[in-house]
Every structure is written in C-alpha cells, then in structure tokens.
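A.B. asks: Below you will find the structure I want to go over with you.
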Amino acid sequence: MRTSKRFGRILAVGAAVTALVGLTAACGGRESQSGNSQEAKSVTIGYINWDEDVALTNLYQAVLEDKGYKVKTQMLDVGPIYAGLAKGDVDLFLDSWLPATHKQYWDQYQNQLEDLGVWYDNATLNLAVPEYVSDVNSIADLKDKASMFGGKITGIEASAGETGIVQKNAIPQYSLDGTMTLQNSSTTAMLAALDSSIKAKKPIVVTLWHPHWAYSRYQLKDLKDPKGAMGKGEQIHALGRKGFEKDFPALAGVAKKLKMSDEDLGSLEDAIQKAPKGQEKAAAKQWADQHKQFVDQAFAGL
C-alpha cells in the first residue's frame, strides 16, 4: 500500500532547508491577458508528502495545466516549504495547518506570506478503531480493553506531531501507562496493519487524522476524547508568497473560494492513492473529469 509519510509536523527548518537548493527560479510568474486569451503563466506549488496535500496539489496541477498554466511542483518538508514561500522560491502552498500544528512556522514567517483562506475546516487528530469494535467508543475505554488490542496502539513515525500528542497527552491523561503502549513505525506500516486487521476482522486501534482517505475506504470510528487530549480541530489554509495575489489575481481568487467536503476530499485522496506510482496527476485529472460540476465551480475565473 502506497501512502504518505504523514504527520511529521514539527520539523526543524534547519534540518532540511538544504532541500531548497533544488528549487529553480520558475516561480514568480504573473497572470496576464492578451485580448481574450491568457498568455502562458508559470507557477510553482510547493507541497508536503501528506495525503491531502498530495491530492489537492495534483488536482490544482491537472486543472491549471488544462487552463494554460505552466505548473512546477516541488515536494519538501514543512520547514523548507515555509522558508521557500518567505524567500519567494515557492509561489503557493495548499496545506498550512493552523492555528496549532504549523504555529511555529506561521509565527516566524507570517509577515512574508499571504493567507489565501481556509479550504478545509475539520482537521483533527484521532485515535480510531474499526466500526465492528463495538464495545470501545472512547479513549477512556482502552484501559479496561487493553488486552483486546494486545496492549498496543499502532502508531506512525516517531517524529510525527501526533505521536508526541498521544505519548505526552493521551496516554497519561487517560491513565494508559502500563496498559497501552504506543508502537511507532511508519504511516505506511500503520495503514498496512489497519488493512490486514480489517480483512481479518481483528481489533486494532491506530493513530489517524482528518482528512484521510482511510475514512473513505474503511468503516472507521474515532474514539471520543472527553478530556481533549488530542487537541482541538484545526483549519487547513492555502498560503501564497508575498505579492502572490497581485501577480496571480485569478488563482488567488480560486484559492480563496475553494472548499472541499470530507466526501469530495476523501474520494480524491483515495483515487490518487490507488493510482500507480507516477500516475498521480493522471488520477487527479480523471477525478476532475468525473466531478466536472465541482471543478467547474471551484476553478471558475481562470
């Protein structure tokens, strides 16, 4: 199963900023009109290897290229994305989690960025189980049901922001020390374990988040969190470099008005996840063709 390495959210900018060397001067283009036809426009979209960003970036690229744009995409870690926007090496970033997850980067660079608005407003971190695990409905239930899961919460990367939240907040606040252990591995391994457990109808509890394509593919249940240990919901913003709206008024208008529901985003993510490696843009184009009404409305004005 192919998926993103996800939720490595609190990354040091300096550790990966050398990745910016690979960026070219392709950004900094402008939209222009020549009579009734738009001249070629070049835009660089930076993205992180998180499922919703991979999905939306590929959708933007497929649609924009169909509209006559020249689109360069550049995958980087979180810190270098913000640094690239601040330097003007990246024009557009579609996956800024605020106010909490990316707070350190927003605080550092906000004066060099343009907030283009929220396109998804139900971003949450969760512990989740398959729906058939009927007698576990809250994180609090895990203490007495630990043996059902082998005393294990199946997690993702040790460096992930959600990993720290589960380890430092959820486990101690729900008195799970000594009964449940967070097993870190990778997002890919977690999803593989989830898939195999569901196929075998076995209990499993995993670290998960909204938005994620797993909710479209499987029948899952987020465990209630009465103590608020997993944090409050967040919003996902689109960000532009300084001067983006002036240089790309039509594209900025799209970013400001585009909204995605869980259903639309989940189906887009799932379509891209199922695509062969290297065919993500083609999958996004096919999804766009199948959801023409949404795309025509969302990208109107280009």
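A.B. asks: Which residue, of 200, 229, is without any contact (Cβ under 8 Å) to a residue 12 or more places away in the chain and of a type in the set (A, V, I, L, M)?
C.D. replies: Details: 229 fails: without any contact (Cβ under 8 Å) to a residue 12 or more places away in the chain.
Residue meeting the stated conditions: 200.
A.B. asks: Another question, if that's okay. Please work out which one of (1) assigned to a helix (DSSP H, G or I); (2) modelled with pLDDT of 95 or more is the condition residue 271 fails and give its number.
C.D. replies: (2)
A.B. asks: Based on this model, can you work out whether residue 283 counts as within 13 Å of residue 58 (Cα to Cα), over 17 Å from the mean Cα position of the chain (by Cα) and crowded, with 16+ Cβ neighbours inside 10 Å?
C.D. replies: Working: within 13 Å of residue 58 (Cα to Cα): yes; over 17 Å from the mean Cα position of the chain (by Cα): yes; crowded, with 16+ Cβ neighbours inside 10 Å: yes.
When the stated conditions are applied, residue 283 passes them.
A.B. asks: Something else now. Any idea how many residues of region 140-166 are more than 28 Å from the chain's Cα centre (by Cα) and either buried (at least 23 other Cβ atoms within 10 Å of the Cβ) or in a loop (DSSP other than H, G, I, E, B) (or both)? I'd like the intermediate steps shown before the answer.
C.D. replies: In the first step, residues of region 140-166 are kept if they are more than 28 Å from the chain's Cα centre (by Cα); the result is 141, 143-148, 150-151.
Right, trim to either buried (at least 23 other Cβ atoms within 10 Å of the Cβ) or in a loop (DSSP other than H, G, I, E, B) (or both) and you get 143-145, 150-151.
Looking only at that region, the number is 5.
A.B. asks: Among the residues of region 21-41, are any surrounded by 16 or more Cβ atoms within 10 Å (Cβ to Cβ), at pLDDT below 95 and under 22 Å from the mean Cα position of the chain (by Cα)?
C.D. replies: yes
A.B. asks: I'm trying to understand the selection: among the residues of region 283-299, which are touching a residue at least 40 places away in the same chain (Cβ under 8 Å) and of a type in the set (A, V, I, L, M, F, W, C)? Break it down into steps so the answer makes sense when it comes.
C.D. replies: Let us first name the residues in region 283-299 that are touching a residue at least 40 places away in the same chain (Cβ under 8 Å), namely 283-285, 287-288, 295, 298-299.
Hits for region 283-299 are 283, 284, 287, 288, 295, 298, 299.
A.B. asks: Among residues belonging to region 44-65 that are over 15 Å from residue 258 (Cβ atoms) and either in a strand (DSSP E or B) or touching a residue at least 40 places away in the same chain (Cβ under 8 Å) (or both), point out the one that is farthest from the chain's Cα centre (by Cα).
C.D. replies: First, pick out the residues of region 44-65 that are over 15 Å from residue 258 (Cβ atoms): 44, 46-51, 54, 65.
Imposing the further condition that a residue be either in a strand (DSSP E or B) or touching a residue at least 40 places away in the same chain (Cβ under 8 Å) (or both) reduces the set to 44, 46-51, 54.
Values: 44: 18, 46: 13, 47: 9, 48: 8, 49: 8, 50: 4, 51: 5, 54: 7 Å.
Applying the filter and picking the extreme gives 44.
A.B. asks: Considering 157, 131, which residue is of a type in the set (D, E, K, R) and at pLDDT below 95? If you could, list the steps in order and put the result at the bottom.
C.D. replies: Details: 131 fails: at pLDDT below 95.
Every option except 157 fails the conditions.
A.B. asks: Also, quick follow-up: Mind checking which residues of region 77-106 are under 21 Å from residue 245 (Cα atoms), in a helix (DSSP H, G or I) and either in contact (Cβ under 8 Å) with a residue 60 or more places away in the chain or open to solvent by 20 Å² or more (accessible area, probe 1.4 Å) (or both)? First the steps, then the outcome.
C.D. replies: Narrowing region 77-106 to residues under 21 Å from residue 245 (Cα atoms): 81-98, 105-106.
Filter once more, so that each one left must be in a helix (DSSP H, G or I): 81-87, 105-106.
The answer is 82, 83, 84, 85, 86, 87, 105, 106.
A.B. asks: Let me ask another. For residues that are farther than 25 Å from residue 77 by Cβ and surrounded by fewer than 17 Cβ atoms within 10 Å (Cβ to Cβ), tally how many sit in region 167-180.
C.D. replies: Summing the residues that are farther than 25 Å from residue 77 by Cβ and surrounded by fewer than 17 Cβ atoms within 10 Å (Cβ to Cβ) in region 167-180 gives 6.
A.B. asks: For region 187-223, give me each residue that is touching an Asp or Glu at 6+ places or on another chain (Cβ under 9 Å), open to solvent by 60 Å² or more (accessible area, probe 1.4 Å) and at pLDDT 95 or above.
C.D. replies: Listed by number, the list holds a single entry, 219.
A.B. asks: Would it be correct to say that residue 185 is assigned to a helix (DSSP H, G or I) and hydroxyl-bearing (Ser, Thr, Tyr)? If you could, list the steps in order and put the result at the bottom.
C.D. replies: Values: assigned to a helix (DSSP H, G or I): no; hydroxyl-bearing (Ser, Thr, Tyr): yes.
No, not satisfied.
A.B. asks: Just for region 109-139: of the residues that are part of a helix (DSSP H, G or I) and in contact (Cβ under 8 Å) with a residue 40 or more places away in the chain, which one is most open to solvent (accessible area, probe 1.4 Å)? Steps first, answer last, please.
C.D. replies: Let us first name the residues in region 109-139 that are part of a helix (DSSP H, G or I), namely 109-112, 139.
If we keep only those that are in contact (Cβ under 8 Å) with a residue 40 or more places away in the chain as well, we get 112, 139.
Working: 112: 76, 139: 1 Å².
Checked region 109-139; the qualifying residue most open to solvent (accessible area, probe 1.4 Å) is 112.
The values are calculated or read from the model by the stated rules, or taken from the named source; none is laboratory data. Values in this document were obtained by computation on a predicted structure and should not be read as measured data. Cβ coordinates were reconstructed from backbone atoms using ideal geometry, including for glycine residues, and neighbour counts include every protein chain displayed. Heavy atoms of the whole protein, side chains included, go into the accessibility calculation; ligands, DNA and RNA do not. Shrake-Rupley method; radii C 1.70, N 1.55, O 1.52, S 1.80 Å.
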